[in-house]
Every structure is written in structure tokens, then in C-alpha cells.
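Worksheet for the structure shown next.
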Amino acid sequence: MIMAGASSFTAARLVARAFLLAVLLALASQRPSAEPRESIQADTSDREIAIESDFTGARITVFGAVDNSRQEAANSGYYDVIMVIRGPAETVVARKKQRIAGIWMNGRSAAFDHVPSFYAALSTRPLDEILDENALRRHGIEFNPKPQRGDLPPPPDEFENAIIDAKKKERLYVIEPFAVAFLGASLFRGTIKLPAKVRVGTYSADVYLFHDGKLLSQHRTSLFVHKAGIERELTALAYNQPWVYGLLSVVIAVACGLAGWTLFSRD
């Protein structure tokens with residue numbers, strides 16, 4: 001009799017626990033789900049750019065949208081967007097001029113193997129108002145071709161600053177705050193001009209979404225710059241058949257010289 005009573009008590013406790021668990025699960029299922037996180041989608045206005053003989057540059061528009069946006073209006077300033085466009089990597093050697101015995105000569109030098117041939121950073125506000133210097137470097141937004149050591153790449157040195165100054169003069173290094181604008185609660189766009197002196201190859205466009213200095217989402221898209229027309233044929237000939245290209249260049253030069261001599265010679 002004592003054992004039977006204990007078993008009945010244990011069974012009752014199990015039934016009560018099962019009933020309580022069912023009630024808790026039912027209440028949890030009725031709670032509103034967590035608000036979905038923001039994410040961005042982006043693309044470029046052109047996927048390909050053809051360089052022909054009359055090429056003077058091209059305007060590229062990067063546009064996108066914030067999914068699950070919490071922004072109420074375009075001018076609310078809830079989000080910050082940074083767009084970074086990079087051209088194909090190239091090797092650049094920076095040399096420091098030194099005056100020796102009254103003559104300016106090349107002194108120390110530094111070679112960088114992964115320098116973006118083109119770099120542009122567009123943003124809704126100045127970069128230093130969105131993130132501090134270390135955060136920009138940590139997210140890879142800063143122009144820094146040096147190899148990364150540890151968690152944070154080293155700051156730019158005098159050689160890299162010289163490369164930046166040279167690229168600025170050719171419009172190959174561009175920083176444009178307020179170049180990205182929201183068109184509504186979620187839609188945004190930014191426009192940058194590629195100069196005439198750009199390298200062919202694949203260009204990447206990285207788009208970052210921030211709120212109060214915190215990275216919420218990022219997206220990468222790309223476009224391809226290539227030569228077209230006679231420029232494409234000459235480039236292919238120069239790379240694939242350099243001897244033929246050189247001989248053809250000599251023949252054209254001689255023909256132009258003879259034509260000029262014939263036209264402008266005097267009796």
C-alpha cells in the first residue's frame with residue numbers, strides 16, 4: 001500500500017510538470033518574434049565599361065536598399081553608408097628624393113605589390129564622423145596596400161602617403177563625403193566618375209551599412225573595364241605577338257614620315 005501511494009504521487013508530479021511545460025511553450029509561441037536584422041543589397045549601374053579611342057571617363061552609380069530598414073525618412077540620418085570602389089591591384093615603387101652634393105637623386109625606396117590602381121570612398125558623412133581611424137582600418141576601408149600584421153594593419157607611412165598624393169593628382173584616389181544619399185527610408189545611391197586613365201580589369205564595389213559606428217551589413221558587387229574596338233585589337237596584338245606589333249609600329253612610323261616629307265618638302 002505504501003509503495004502504490006508513492007508511485008501515484010510521482011505520476012501526478014510528472015503530469016503536472018508536463019502540463020506546465022505545455023503552457024510555457026504555448027505562451028512562448030504567442031510572443032512576437034525578434035525584429036529581423038537589417039541587411040543591404042547593392043549593384044552598379046553598369047556591369048561593363050568599354051574603353052574606346054574617344055574614352056574620356058565614365059560615371060558609375062552604385063545603388064542599393066536596406067532590407068528591414070528602421071529608418072523613418074531619407075533625411076533622418078539613422079544609417080550611414082560607405083562605398084569603396086577599388087581597381088585592379090598593381091605594383092608601385094615609391095622613391096624618396098635626397099639631395100647629395102647639391103644634386104637631387106633617388107634615395108630609399110619601397111615597393112608595394114597590392115596597391116589598388118583606383119580607389120574611391122563615398123559616404124553619407126565624412127569618414128572620421130562615422131568611424132575612428134582604427135575602425136576604418138579594421139574594416140578594410142582605408143587605403144592601405146601594406147600586408148596586415150595581426151588584427152590591425154599598420155598606419156600609412158611616408159611612402160604610402162606619397163603614393164596617395166600621386167594618385168590624387170590623377171584622380172585615381174578620391175574621397176567624397178556626402179556623395180551617398182538616401183532616396184527614401186531604405187533606398188540609397190552614390191555616383192563616382194572613373195577618369196580616362198584607368199586600368200582594364202575587374203573593379204570591386206564594397207558597400208557598408210553602419211548605425212552609431214556599428215557595422216550592420218555589407219555587400220560586394222563588381223564591374224569589368226575592358227578595351228573595345230581598335231584599342232582592343234592592338235592590345236591583344238602587343239601581348240600575343242609582340243614582334244609583329246613592333247614591326248607594324250616601325251612600318252607605320254616610316255610611312256608617316258615619308259608621307260610628311262612628301263607633303264611638306266619643297267622643290
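The values are calculated or read from the model by the stated rules, or taken from the named source; none is laboratory data. Keep in mind it's a predicted model, so treat the numbers as computed, not measured. With ideal geometry, Cβ positions are generated from the backbone for all residues, glycine too; neighbour counts draw on all protein chains shown.
For every residue, the table says whether it meets (1) modelled with pLDDT under 90; (2) acidic (Asp, Glu); (3) touching a helix residue (DSSP H, G or I) at 6+ places or on another chain (Cβ under 6 Å); (4) in a loop (DSSP other than H, G, I, E, B).
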residue	(1), (2), (3), (4)
72	yes, yes, no, yes
75	yes, no, no, yes
82	no, no, no, no
99	yes, no, no, no
115	yes, no, no, no
125	no, no, no, yes
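This table checks each residue for (1) more than 25 Å from residue 178 (Cβ to Cβ); (2) touching a strand residue (DSSP E or B) at 6+ places or on another chain (Cβ under 8 Å); (3) of a type in the set (Gly, Ala, Ser); (4) crowded, with 21+ Cβ neighbours inside 10 Å.
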{"position": "50", "(1), (2), (3), (4)": "yes, yes, yes, no"}
{"position": "54", "(1), (2), (3), (4)": "yes, no, no, no"}
{"position": "64", "(1), (2), (3), (4)": "no, yes, yes, yes"}
{"position": "68", "(1), (2), (3), (4)": "yes, yes, no, no"}
{"position": "79", "(1), (2), (3), (4)": "no, yes, no, yes"}
{"position": "89", "(1), (2), (3), (4)": "yes, yes, yes, no"}
Looking at 196, 205, 181, which is the one that is part of a loop (DSSP other than H, G, I, E, B) and either hydrophobic (A, V, I, L, M, F, W, C) or touching a residue at least 40 places away in the same chain (Cβ under 8 Å) (or both)? 196
Could you look through region 208-267, keep only residues that are more than 21 Å from the chain's Cα centre (by Cα), surrounded by 10 or more Cβ atoms within 10 Å (Cβ to Cβ) and among the basic types (Lys, Arg), and pick out the one that is modelled with the lowest pLDDT? 232
